[in-house]
Amino acid sequence: MKLHNLKPAEGSKGRVKRVGRGPGSGHGKTATRGSNGAQARAGYSHKIGFEGGQMPIQRRLPKFGFKNPNRVEYKAVNLSTLQTLSEKHNVTVIDVDVLRAAGLVSKNDLVKILGNGQLSVKLDVTANAFSESATKKIEDLGGKVTKI
């Protein structure tokens, strides 16, 4: 391959549409902007959501729903994850710092331990919240549950 054989991909180089260059071009007079109106003028800019005068979608659709400003969002961690974490790093005490070091939670996350999966080692777990099933499974093996 040499420089003189290089060609652009087929169909990638279309002709530039030259507008406003006289009636013979087919794109003269209004330069493909249609007839009068704000959109035909130079310097026209519309508001966000403007649909050419048609009722905009944010006004056509009804308002619905409710966002609770007091909602507490937890990052869920299952017992199966704690099991693999304890096997992999050989730890029996698991707290938020251990989960953060393992990359399971971020700095400001609140952690809730859920009871999905089986636990086979005795663990001392410290977190912000626990489900009932998680608490039962941890304590059945002699482990300790501590809420922050």
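Computed quantities for the displayed model
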read-out: Residue count, segment 116-148 (criterion: of a type in the set (Gly, Ala, Ser), at pLDDT below 95 and either exposed (fewer than 15 other Cβ atoms within 10 Å of the Cβ) or within 17 Å of residue 99 (Cα to Cα) (or both)); value: 3
read-out: Filter result for residue 22 (touching a Gly at 6+ places or on another chain (Cβ under 6 Å) and more than 30 Å from residue 139 (Cβ to Cβ)); value: yes
read-out: Conditions (1) modelled with pLDDT of 90 or more; (2) surrounded by 10 or more Cβ atoms within 10 Å (Cβ to Cβ); (3) outside any helix (DSSP H, G or I): number failed by residue 45; value: (2)
read-out: Helices (runs of 4 or more DSSP H) enclosed by segment 51-148 - at least 1 residues per element that are in contact with a Ser or Thr (Cβ under 9 Å, 6 or more places away or on another chain) and on the phi < 0 side of the Ramachandran plot; value: 79-89, 96-101
read-out: Boolean, residue 101 is without any contact (Cβ under 8 Å) to a residue 60 or more places away in the chain, surrounded by 15 or more Cβ atoms within 10 Å (Cβ to Cβ) and within 31 Å of the chain's Cα centre (by Cα); value: no
read-out: Some residue of segment 23-42 being within 32 Å of the chain's Cα centre (by Cα), in a loop (DSSP other than H, G, I, E, B) and over 30 Å from residue 127 (Cα atoms); value: no
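The values are calculated or read from the model by the stated rules, or taken from the named source; none is laboratory data. Because the structure is predicted, anything quoted here is derived from the model rather than measured. Positions of Cβ are generated from backbone atoms using ideal geometry, with glycine treated the same way; all protein chains shown enter the neighbour counts.
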